[in-house]
Amino acid sequence: MADTLTGSAPQAAAPVPEFPMARAAGCPFDPPPNLRAQQDEGRLVRVRLWDGSTPWLVTRYEDQRALLLDPRVSADITRPGYPLQAPSNGKNNISFILMDDPEHARLRRMVTAPFAVKRVEALRPGVQKIVDDLIDDMLAVGGPVDLVQAFALPVPSLVICRLLGVPYEDHDFFQENSKILITREAAIEDRMAAHGKLLGYLDELMGEKLAHPGDDLLSGLVERVESGELSRQDVAQIGVLLLLAGHETTANMIALGTLALLEHPDQFALLRDTEDPKLVASAVEELLRYLSIVHGGRRRAVLEDIEIAGQVIRAGEGVIMPNDIANRDPDAFADPDRLDITRDARRHVAFGFGVHQCLGQPLARMELQVVYSTLYRRIPTLRLAAEVDGLPFKHDGSVYGVYELPVTW
């Protein structure tokens, strides 16, 4: 029926776009173009998830930071309206990162000390030796090599294993099961099975720590089990979280960051040739901002009505805050699509913001500083040994990167 006032047919409502959105072929470092289009459309837009729900997509940097600080916004996965990434059994199986205070703060405090900046800095010489030894091995073999398997994955895996007190010889087991947990298309049965295997592994290791405690994070947590502060399940959940987060994200940043630098030769040369630790630190922050490898957005459920960006988000609705478009917001970062390791990018949200921001960020920063200041200096002629278009990118995961990165020199 024609509109009685204008004589025109009523306009159909625009379809709600699906989320997540795919990256474009040939643009491996940029956010999905459809996601950028939503940012251009408005600060808050509706998106449709796999289960038919339509939470709010928060597209702007300042709005994301405001909501991540707001106590009326919940990280608890069991809350009504929480925008799940995939089918769930309705329970929180990923420890304190999906809890609210005060329980979130109580559990987080148990593992804060080893990630304090001074404690992390004390680990730097050991990380430097790991990096140098792996580069020695690559140079002895000669190129081409897969940088992921030869270097990017072993560096953070060795570091987190030593920190936690986990035998590195078991790394294939936890890497295989971690991969299942972060693959969006994995069936819930497979993800639960992988999670159960990791919990069982950590629980068995706890038994060994009870009998023979060491000077490591897991032994310290086991002491809290004996004192009644934590349950064995609490410690196993925390262990799985730290084991997963401690190697997967940093490994992807090493490989993808190297690829980004090789694709920007001026930036590669600037970082390779510097002896200034401040420029190295700046490069780490800019690569974290530019790449924003954690995909799927930080997700929250709204507990009370909140007005933001001229829109009221109702209690019981969900919000998704993709850090990749927040870190490319032109209102927050000038010329945001340009990689510039000299810019001050420290205000990025690659590690989140507020009480739930990444606990391990001092460790990740230190590892990346050691890697980026060493690898390109020691192998100054490093180059790709494959076409970028042919590389296997991790489009199927919640942590973005490359499965393989052939390089030579």
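The values are calculated or read from the model by the stated rules, or taken from the named source; none is laboratory data. Remember, predicted model here, so these are calculated numbers, not experimental data. Cβ coordinates were reconstructed from backbone atoms using ideal geometry, including for glycine residues, and neighbour counts include every protein chain displayed. For the accessible areas, the whole protein counts, side chains as well, though only heavy atoms, and no ligand, DNA or RNA atoms are used. Shrake-Rupley method; radii C 1.70, N 1.55, O 1.52, S 1.80 Å.
Applied to segment 25-38, the Karplus parametrisation 6.51 cos²θ - 1.76 cosθ + 1.60 on θ = phi - 60° returns per-residue 3J(HN,Hα) values of 4, x, 10, x, 9, 8, x, x, x, 5, 5, 5, 5, 5 Hz, with x for Gly and Pro. Quote the FRET efficiency, to the nearest 0.05, computed for LYS278 versus LYS129 with a Förster distance R0 of 25 Å and r equal to the Cβ-Cβ distance. According to the calculation, E is roughly 0.60. The residues LYS129, LYS394, sorted by heavy-atom accessible surface at 1.4 Å with ligands and nucleic acids left out, run LYS129, LYS394 from largest to smallest.
Which percentage, to the nearest 5, of the DSSP beta bridges contained in the chain is antiparallel? Antiparallel: roughly 85 percent of the beta bridges in the chain. In terms of its C-alpha gyration tensor, segment 128-279 has a prolate overall shape, because the principal axis ratio a/c (a ≥ b ≥ c, square roots of the eigenvalues) is not below 1.5 and a/b outweighs b/c. Spin-label pair ASP190-ASP137: with each label point 7 Å from Cα along the Cα-Cβ axis, the two points sit 2.8 nm from one another. Placing a label point 7 Å from the Cα of ARG232 along the Cα-to-Cβ line, the residues of segment 193-209 whose backbone N sits under 12 Å from it are 200-209.
The charge dipole of the chain, taken about its Cα centre with unit charges on the Cβ of Lys, Arg, Asp and Glu (plus for the first two, minus for the last two), comes to roughly 620 debye. Using heavy atoms of the protein chains and a probe of 1.4 Å, the accessible area assigned to GLU62 is about 110 Å². The number of Lys pairs in the chain with C-alpha atoms less than 23 Å apart, excluding pairs fewer than 8 positions apart on the same chain, is 8. Could you check how much of the accessible area of the chain is carbon and sulfur, as a whole percent, using a 1.4 Å probe? Its accessible area is 53 percent carbon and sulfur atoms.
Binning the C-alpha pair distances of segment 78-197 at 10 Å intervals from 0 yields a P(r) profile of 10, 28, 34, 21, 6, 1 %, listed from the shortest bin outward. Working note: 222 nm ellipticity from helices only, DSSP H runs with n ≥ 4, each -39,500 (n - 2.57), summed and divided by the residues of the chain, gives -14000 deg cm²/dmol to the nearest 500.
Amide hydrogen proximity for LEU57: with H placed 1.01 Å from N in the peptide plane, the residues at 5 or more positions away or on another chain lying under 5 Å are VAL45, ARG46, VAL47, ILE320. Computed 3J(HN,Hα) for segment 40-51, one whole-Hz value per residue from the Karplus formula 6.51 cos²θ - 1.76 cosθ + 1.60 where θ = phi - 60°, is 5, 6, x, 6, 10, 9, 7, 9, 10, 9, 4, 9, glycine and proline marked x.
With a cut-off of 20 Å on the backbone N, the residues of segment 291-322 near the modelled label site 7 Å out from THR78 along Cα-Cβ are 299-304, 316-319. According to the square roots a ≥ b ≥ c of the eigenvalues of the Cα gyration tensor, what is the shape class of segment 225-366, taking rounded for a/c under 1.5, prolate for a/b larger than b/c otherwise, and oblate for the remainder? Oblate, since a/c reaches 1.5 and b/c is not below a/b.
A 1.4 Å probe over all protein chains sorts THR408, THR374 by accessible area into THR408, THR374, starting with the largest. Computed on protein heavy atoms with a 1.4 Å probe, the accessible areas place GLU41, GLU317, GLU285 in the order GLU41, GLU317, GLU285, largest first. This model, with +1 at the C-beta of Lys and Arg and -1 at the C-beta of Asp and Glu, gives segment 276-409 a dipole about its Cα centre of some 480 debye.
The charge dipole of segment 36-119, taken about the Cα centre with unit charges on the Cβ atoms of Lys, Arg (+1) and Asp, Glu (-1), comes to about 340 debye, rounded to the nearest 20.
For the chain, what does the alpha-carbon gyration tensor say about shape, rounded, prolate or oblate, given a ≥ b ≥ c as the root eigenvalues, a/c under 1.5 as rounded, and a/b over b/c as prolate?
oblate
Based on C-alpha pairs under 8 angstrom that are at least 6 apart in sequence, the chain has a relative contact order of 25 percent.
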